[in-house]
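One structure is given below, encoded as structure tokens.
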Amino acid sequence: NDELLAPTALGAIGDAFADINQPEDALDYYTKAANAKQNEFTAPLFLFKAGQTALNLGKASKALEFFEKIEKDYPFSDQAVDIAYYVNKAKYSVK
């Protein structure tokens, strides 16, 4: 029930997978972390990591979903500062 512990633990697993070059697994855990608790700190952080990972995997439409969620639901988060850039990057990467 902790607002930070569960999402942070899931995100750390995602980071571990990213570090050993398993981006599909990292994306899965970043998504779980982002959805674990809807707070202003962990949710936008892991949505952003999920978006970046999805872009790197060539999943631009999925990345766009993550970035637009930050833009809509967490406009005052640190990740929202430059989110328009990432939204546009994902939009123009969609095939």
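Read the figures in this text as sums done on the coordinates, not as results from a lab. Keep in mind that this is a model prediction, so the values were computed, not measured. Cβ placement follows ideal geometry from the backbone for every residue including glycine, while neighbour counts extend to all protein chains displayed.
Side notes on the structure shown:
- Distant alpha-carbon pairs in the chain (separation over 18 angstrom), percent: 40 percent
- Using C-alpha pairs below 8 Å separated by at least 6 residues, the relative contact order for the chain is 21 percent.
- The ranking of Thr31, Thr53 by Cβ neighbour count inside 10 Å, starting from the fewest, reads Thr31, Thr53.
- The stretch 2-95: chymotrypsin sites (Phe, Trp or Tyr not before Pro) in DSSP loop, at most 13 other beta carbons within 10 Å: Phe76
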